[in-house]
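Only one structure is covered here, and it is reproduced in the block below.
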Amino acid sequence: MQQETPIAKAIQSIVDAGELAGAVALIWRVDQGLQVECVGWRNLATHTPMARDTLFRIASMTKPITSLA
């Protein structure tokens, strides 16, 4: 069983509060490699869990994300 990380715990608390159905977080650290956290539900009605390959509709979010980079 994989130990829950601080980022997963933080996202899980937001899911538990009902503010978010679920999330996938990807963290890259040069010294530690890749970390992917999947928390919550992809579909609340069917209780399908969030997964690494979950697709998100980000609509017009490309400009803010690109400007941040």
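Contact list please: Cβ distance under 6 Å, first residue in region 16-39 and without any contact (Cβ under 8 Å) to a residue 24 or more places away in the chain and farther than 15 Å from LEU55 by Cα, second residue outside any loop (DSSP other than H, G, I, E, B) and aromatic (Phe, Trp, Tyr), pairs at least six apart or on different chains. Short answer, once both residue conditions are applied: LEU34/TRP28. Scanning region 46-63 for residues that are loosely packed, with under 10 Cβ neighbours inside 10 Å and part of a helix (DSSP H, G or I), we see that the one that is modelled with the lowest pLDDT is THR62. Sub-6 Å Cβ pairs linking a first residue in region 1-15 that is at pLDDT 90 or above to a second residue that is surrounded by 11 or more Cβ atoms within 10 Å (Cβ to Cβ) and of a type outside the set (Gly, Ala, Ser), at least 6 apart or interchain, are ALA8/GLU37; ALA8/VAL39; ILE11/VAL39; GLN12/VAL39; ILE14/LEU20; VAL15/VAL39, ordered by first then second residue.
Summed over region 1-45, the residues that are small (Gly, Ala, Ser) and under 13 Å from the mean Cα position of the chain (by Cα) give a count of 8. Annotation for region 23-45: at least one member residue is aromatic (Phe, Trp, Tyr) and assigned to a strand (DSSP E or B).
Restricting attention to region 11-24, the residues that are small (Gly, Ala, Ser) and closer than 11 Å to GLU37 by Cα add up to 2.
The values are calculated or read from the model by the stated rules, or taken from the named source; none is laboratory data. Computed from a predicted structure; not experimentally measured. Note that each Cβ is placed from the backbone with ideal geometry, even for glycine, and that neighbours are counted across all protein chains shown.
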